[in-house]
Amino acid sequence: MSKLIPGNLKHLTLNDRQFIEQSLNEGRYLCKDPSTISREVWKHRTVNSWNRGCFNNPYNFCIHRYRCKKTNACSKLIICDTLCRSCHKCNSVCPRFERECCPRIEKAPFVCNGCDKPRNRCPIHSKYDYNASSAHRHYTECLSSSREGVNLTDGQWRSIDRVVRPLIEQGQSPYMIIANHPELGRTSIYYCDPMRSSQKAGIENVHTMLRMILPKGTSFEWLTQWDVRKCVDHINNAPRKCLKGRTPYEIAIKTYGPELLKKLQFRFVAPDEVTLSPKLLRN
């Protein structure tokens, strides 16, 4: 384990990121958990838009470009005898187009740092770099914005509540409410990046509980709405360490009251009856 990047720290410092950049540039082995380094590099790599393709081929990125003899791929009225591989429209119109990929980009180290091939000789379309200063700046901005909370005044909260609460009590879903009331357009939908479950660790824990009931490989084809609600109820009544031993159901009923939970059809499950295994749907 590197002394510069100890393994017991949750957050990387600027010095840690500078060490990572230097090690990548020199092609050295990084003495830390490989998954930690991979996540850091993949998340904060930047596209080098100034070096697309190579100097003698700045627009054709197909793996077949050296052997391809195709002409008139764009189906012009006047037949063109020029080889399509020399045309800037080739990649966008050819049905056989297959982009060339670099193993350094598709898997670790995910960047071009330390590559022996000169940038102006590399035919890859998108080249990625890892820069410690840029990575640390992006990390700091994300950390700061994640702790700002919701930027709404008490009056705005009450205004939204007057619209949303009655509709929830009528049984409408949050999606339906947002769709029918665009003036409430304060809700954003967040999608994690591929292979980045750490971006929503709380949701990932719920997914883990769901997989305890529905193991990988289980078909969802025969699940009914009753089965789904049963899974949700048992997961919501499982104690959470992050809630100091309380359940999401307990927190929700204290925050919103029993009437709202009843409208949403959430129900209480006794602690001794909570089942997080495939047996739940067999009963």
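The values are calculated or read from the model by the stated rules, or taken from the named source; none is laboratory data. What you see is a predicted model; the values in this text were computed from it and never measured. Cβ coordinates were reconstructed from backbone atoms using ideal geometry, including for glycine residues, and neighbour counts include every protein chain displayed.
Please work out which residue is modelled with the lowest pLDDT, limiting yourself to segment 179-220 and to residues that are of a type in the set (D, E, K, R) and in a loop (DSSP other than H, G, I, E, B).
The residue in question is Arg186.
Only one of Glu250, Glu204 is farther than 16 Å from Leu281 by Cβ and either of a type in the set (Lys, Arg) or touching a helix residue (DSSP H, G or I) at 6+ places or on another chain (Cβ under 6 Å) (or both). Can you tell me which?
Glu204 is the lone residue from the list that is farther than 16 Å from Leu281 by Cβ and either of a type in the set (Lys, Arg) or touching a helix residue (DSSP H, G or I) at 6+ places or on another chain (Cβ under 6 Å) (or both).
Which one is farthest from Thr36 (Cα to Cα) among residues in segment 68-101 that are small (Gly, Ala, Ser) and assigned to a loop (DSSP other than H, G, I, E, B)?
Once the filter is applied, the top-ranked residue is Ser75.
For Leu281, indicate whether it is surrounded by 17 or more Cβ atoms within 10 Å (Cβ to Cβ), modelled with pLDDT under 90, more than 20 Å from Asn205 (Cβ to Cβ) and in contact with a helix residue (DSSP H, G or I) (Cβ under 8 Å, 6 or more places away or on another chain).
Yes: the conditions hold for Leu281.
Give the number of residues within segment 13-28 that are touching a Gly at 6+ places or on another chain (Cβ under 9 Å) and aliphatic (A, V, I, L, M).
Going through segment 13-28 one residue at a time, the tally reaches 1.
Please work out which one of (1) charged (D, E, K, R); (2) in the same structural domain as Gly27 (by TED's automatic domain parsing); (3) surrounded by 11 or more Cβ atoms within 10 Å (Cβ to Cβ) is the condition Lys89 fails and give its number.
Exception for Lys89: condition (2).
Got a sec? Which of Arg104, Arg165 is at pLDDT 80 or above, under 30 Å from Leu14 (Cβ atoms), in a helix (DSSP H, G or I) and not hydroxyl-bearing (Ser, Thr, Tyr)?
After applying the criteria, what remains is Arg104.
Can you report the number of residues in segment 213-222 which are within 23 Å of Gln265 (Cα to Cα) and either in contact with a helix residue (DSSP H, G or I) (Cβ under 8 Å, 6 or more places away or on another chain) or among the hydroxyl-bearing types (Ser, Thr, Tyr) (or both)?
2
Any idea which residue in segment 138-162 is modelled with the lowest pLDDT, counting only those that are surrounded by 12 or more Cβ atoms within 10 Å (Cβ to Cβ) and within 20 Å of the chain's Cα centre (by Cα)?
By that ranking, first place goes to Cys142.
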